[in-house]
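Provided herewith is a single structure, encoded as structure tokens, for subsequent inquiry.
The values are calculated or read from the model by the stated rules, or taken from the named source; none is laboratory data. If you're wondering where the values come from, they're calculated on a predicted model, not measured in any experiment. Note that we place each Cβ from the backbone using ideal geometry, even for glycine, and neighbour counts take in every protein chain shown. Please note that ligands, DNA and RNA were not included when accessible areas were found on the heavy atoms of the full protein model with its side chains. Shrake-Rupley method; radii C 1.70, N 1.55, O 1.52, S 1.80 Å.
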Amino acid sequence: MSKLLGVPLKKPAEVDIEKPLNNLIQSTYSGASAEAKESYKAAVQQFARQRNSAIWKFFEKYESSLEIVYAYYDQISALETKIPVNELQIPFKWKDAFDKGSIFGGRISLTHTSLSYEKVCVLFNIAALQSHVAAMQPMDSDEGLKLAIKLFQQSAGIFQYLKGAVPAAVPSEPTPDLNQDTLTVLQALMVSQAQEVFVMKAIKENMKENIIAKLCCQCEEFYADVLRAMQKESVRNLWEKEWIPTIAGKQAGFHALTQLYQSLSCRAAKKIGEEISRLRNAVDLFKAAQTRSGNPTYLDEYFNKAKRNLAESVKDNDLIYNEMIPDVTTLQSTGKAQLAKPLAMSSPMAKDFDDVFKGLVPVELHRAMQASDMRKNEIVNTEIMKLRDATQTLNVVLASLNLPAAVETTDGGSCVPPSLIEKANEVREKGGIDALNAYLKELPELLNRNREILDETERMLDEERDSDNQLRSQFKEKWTRISSDKLTEMFRTNAKKYREVINNAVAADKIVRERFEKNQKGIELLSLPIDQLQQAMPASGGSVDPNCASVQKLKQLMESVETIKAERDVIESELKSTTFDMKNEFLEALRKDGAIDEPALSLKRIGETLQPLQQQIKESIERQQTLVSDIQIAHSEFVSETGTSSTSRDTLCQELATAYDSFIILLGNLKEGTKFYNDLTELLVVFQNKISDFCFARKTEKEELLKDLTTESSRQAAGPTPTLPSHYASTSGSGSDLPSSSPPSTAPSGNVPYPQAVQGMPMPYGATANVPYPSYVPPPMPQGFNPYATLPYPGSYQYPGFPQGPPPGHYGTYPGSFASQQQGGYPNQKPPGW
């Protein structure tokens with residue numbers, strides 16, 4: 001038997017996968033703990049080492065290398081389910097397996113920022129490595145024969161799988177080795193070689209001659225199919241120079257072996273005439289096999305046996321049998337026995353696969369849990385805002401009536417009312433006017449930082465676009481890659497949305513500053529020590545009888561006010577601490593249905609969990625309506641009974657009460673504004689990193705395309721490749737026993753051995769091979785609880801166009817969740833198109 005063929009390997013390029021993969025994982029799983037994030041970084045480092053080891057193990061053609069490359073493929077497959085792969089910006093570069101390079105040293109290659117592309121290239125090399133390991137096995141041992149058969153069939157199964165996987169992974173024209181016609185040839189070649197090893201095994205085990213003949217007949221047909229497929233116009237120039245002669249020789253050789261072993265069956269049955277006819281045909285075919293293969297000793301052992309048997313049988317027939325010698329074309333076919341076939345890929349491929357990313361959950365589950373948490377936070381915020389709005393309304397009513405200060409003045413003297421003393425103490429404890437001034441000074445700095453990051457991000461996009469346009473203008477239609485304007489459309493949209501967010505925040509800053517200036521005088525007074533505040537207070541106009549019925553009633557109602565506020569604090573605390581784990585329910589849905597209906601599952605659980613608290617909120621608001629009515633009636637009775645009229649002291653007390661409420665709101669506004677800008681910085685840095693990775697991938701792709709254009713030009717100048725000689729035709733079919741002089745038919749093909757377009761660009765999230773430009777919908781911003789109803793910052797909006805921000809537990813929450821116009825904030829409207 002002649003040597004078995006191994007498929008050439010694709011040559012990979014080293015690439016930094018740590019930075020972009022870390023960026024993507026940290027963005028996707030931003031809510032993870034610091035310890036978990038460190039473990040993710042370690043896993044990424046291990047994955048990078050695994051790739052560096054695997055891609056060069058392909059070139060160590062030993063059985064031990066297979067487990068290493070199997071494990072890398074399994075890791076890619078596992079990682080695909082745990083990250084949004086279409087957002088990964090790693091410029092994977094692989095060179096064509098069959099291209100030998102031009103005189104200038106260029107090689108056809110393709111750079112593509114897709115994990116699926118990396119996966120199919122790795123699979124191609126696994127199949128190629130299997131073919132080499134199989135071909136190197138000792139064919140004189142049972143173990144070697146069995147392993148070779150298994151590996152050739154597994155290799156055929158991979159090439160068969162790649163025919164369906166490559167179009168989805170590489171929407172543009174792939175390198176020639178991943179062309180559909182190429183993969184068809186390689187699959188057929190691997191099956192043919194597996195069948196050949198089955199023939200070797202049958203001969204070694206001395207199976208019956210007619211069985212061996214059937215196996216050889218099938219093998220001859222397999223090689224004839226391979227030979228025809230190799231001569232298609234789209235692939236005929238790819239192959240190693242010895243491949244077509246070798247396969248043509250094998251096709252003729254196995255036709256000869258079919259006749260030889262069938263002749264042995266005829267000899268045993270005393271069919272001398274048929275035996276001689278088959279032996280004559282076998283001798284001619286062995287000669288053709290040696291001529292075609294260019295190997296004068298190919299199948300010499302069987303050739304000599306055929307010649308010996310022919311001489312003996314002719315002599316015996318002349319002396320004894322005198323049988324007619326039939327024409328070989330009239331003989332009955334020996335029949336075929338196919339044992340070789342492609343084996344389906346196993347999953348996992350490695351025996352002891354250990355997922356280094358086992359700490360990551362499936363990305364679909366993660367997104368469902370993220371969406372569920374946001375849905376819960378949104379409902380919780382709504383309920384808390386109902387409480388906050390009600391409490392704010394209550395405070396406005398009390399301030400307008402100068403309560404509780406009006407009844408506290410009955411304690412006599414010119415001292416500050418106790419309620420105002422408490423409020424002044426709280427203002428000073430929280431930093432007073434100085435704290436507000438510090439925050440107000442910091443906000444512009446934070447705003448400028450975010451503007452600078454966004455400006456730099458847009459500059460990188462502009463620079464990349466200008467470079468692409470310049471080269472497109474230079475190379476015209478030869479510059480076949482996707483234009484930057486089309487590819488960055490969603491990036492531009494997101495940048496525009498970020499710009500709108502910043503502009504909205506600027507408007508919110510203005511609202512906060514106006515509120516501050518309006519109440520600055522009262523806040524300054526509350527920030528003074530008590531003795532200075534007392535000096536600023538006008539003297540009391542007189543005391544009111546503390547035993548007056550109206551006074552007593554108002555004091556009781558003030559106690560009810562404090563009670564209802566305390567109850568709301570408890571309800572609010574319980575709402576904030578409400579948690580439930582949807583992981584098991586989502587996993588069960590994913591296992592059972594293959595998808596997660598997050599809204600239906602989440603709303604059901606949220607309703608069950610929050611319904612008791614929602615009922616308490618409803619009852620609290622209804623009680624307040626009655627309480628406010630009672631307070632207003634009691635205050636009217638108080639005025640009528642005491643004859644108290646508004647004084648400058650009362651006016652100041654009302655102003656200070658309003659200033660206190662404004663201070664609390666402003667302090668919350670400014671804290672949340674500061675946190676908002678810091679959180680926005682985190683988001684913009686993630687966005688900038690993605691743009692940076694994208695621009696790097698585009699730069700790499702640009703350089704590769706420029707190199708390919710140069711290589712293509714040099715090859716066109718070198719002239720055409722010689723065509724395949726016509727004598728490489730099948731020896732089977734149409735009854736012919738000798739090589740046909742007519743050339744095989746070749747189907748014209750529009751395919752060329754160069755990519756029509758280098759697909760090096762990231763596909764937006766949600767894209768498919770058929771629709772590469774859908775709406776880009778990365779994970780949204782987190783929705784945390786907004787502590788104050790009056791926050792005007794645009795964190796209230798759901799940003800479906802932005803990556804996941806910092807976890808609420810680490811940075812707090814976004815401001816402005818439910819700001820209202822009455823409270824000085826923005827109307828709760830989303831920007832157009834959001």
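Give Lys11, Lys95, Lys19 a once-over and let me know the one that is touching a Leu at 6+ places or on another chain (Cβ under 9 Å), open to solvent by 10 Å² or more (accessible area, probe 1.4 Å) and of a type in the set (D, E, K, R).
Lys95
Going by what's in this entry, would Val628 be described as closer than 16 Å to Val397 by Cβ, free of Cβ contacts under 8 Å to residues at least 60 places away in the same chain and open to solvent by less than 80 Å² (accessible area, probe 1.4 Å)?
So Val628 fails the test.
Every residue, every condition in (1) without any contact (Cβ under 8 Å) to a residue 60 or more places away in the chain; (2) open to solvent by 20 Å² or more (accessible area, probe 1.4 Å); (3) out of contact with any Lys or Arg (no Cβ under 9 Å at 6 or more places or on another chain), yes or no:
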{"residue": "Thr111", "(1), (2), (3)": "no, no, no"}
{"residue": "Ala128", "(1), (2), (3)": "no, no, no"}
{"residue": "Gly144", "(1), (2), (3)": "yes, no, yes"}
{"residue": "Ala168", "(1), (2), (3)": "no, yes, yes"}
{"residue": "Asp177", "(1), (2), (3)": "no, no, no"}
{"residue": "Asn206", "(1), (2), (3)": "yes, yes, yes"}
{"residue": "Glu221", "(1), (2), (3)": "no, yes, no"}
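As an exercise: evaluate Ser172 against (1) open to solvent by 10 Å² or more (accessible area, probe 1.4 Å); (2) within 23 Å of Met345 (Cβ to Cβ); (3) hydroxyl-bearing (Ser, Thr, Tyr) and give the number of the one condition it does not meet.
Ser172 satisfies all of (1) open to solvent by 10 Å² or more (accessible area, probe 1.4 Å); (2) within 23 Å of Met345 (Cβ to Cβ); (3) hydroxyl-bearing (Ser, Thr, Tyr) except (2).
Among the residues of region 584-612, how many are on the phi < 0 side of the Ramachandran plot and surrounded by fewer than 12 Cβ atoms within 10 Å (Cβ to Cβ)?
Within region 584-612, residues that are on the phi < 0 side of the Ramachandran plot and surrounded by fewer than 12 Cβ atoms within 10 Å (Cβ to Cβ) number 12.
Asp352 passes all but one of (1) at pLDDT below 90; (2) open to solvent by less than 60 Å² (accessible area, probe 1.4 Å); which number fails?
Tallying (1) at pLDDT below 90; (2) open to solvent by less than 60 Å² (accessible area, probe 1.4 Å), Asp352 fails exactly one: (2).
Can you pull out the helices (runs of 4 or more DSSP H) entirely within region 140-249 that have at least 3 residues that are within 43 Å of the chain's Cα centre (by Cα) and charged (D, E, K, R)?
Once the helices (runs of 4 or more DSSP H) in region 140-249 are filtered for at least 3 residues that are within 43 Å of the chain's Cα centre (by Cα) and charged (D, E, K, R), what remains is 142-169.
Conditions tested, residue by residue: (1) open to solvent by 30 Å² or more (accessible area, probe 1.4 Å); (2) at pLDDT 95 or above; (3) over 21 Å from Thr329 (Cβ atoms).
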position: Leu215; (1), (2), (3): no, yes, yes
position: Gln218; (1), (2), (3): no, yes, no
position: Ala224; (1), (2), (3): no, yes, no
position: Gln231; (1), (2), (3): no, no, yes
position: Ser234; (1), (2), (3): no, no, yes
position: Asn237; (1), (2), (3): yes, no, yes
position: Trp243; (1), (2), (3): no, no, yes
position: Thr258; (1), (2), (3): no, yes, no
position: Cys266; (1), (2), (3): no, no, no
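Checking Met385 against (1) open to solvent by 10 Å² or more (accessible area, probe 1.4 Å); (2) under 30 Å from Leu683 (Cβ atoms), only one condition comes out false. Which one?
If we test Met385 against (1) open to solvent by 10 Å² or more (accessible area, probe 1.4 Å); (2) under 30 Å from Leu683 (Cβ atoms), just (1) comes out false.
Output the helices (runs of 4 or more DSSP H) that fall wholly within region 390-497 and possess 2 or more residues being surrounded by 14 or more Cβ atoms within 10 Å (Cβ to Cβ), modelled with pLDDT of 85 or more and acidic (Asp, Glu), or say none.
The qualifying helices (runs of 4 or more DSSP H) are 432-475.
Of everything in region 47-68, what is over 20 Å from Leu21 (Cα atoms) and surrounded by 16 or more Cβ atoms within 10 Å (Cβ to Cβ)? Give them in sequence order.
Lys57, Phe58, Lys61, Ser65, Leu66, Ile68
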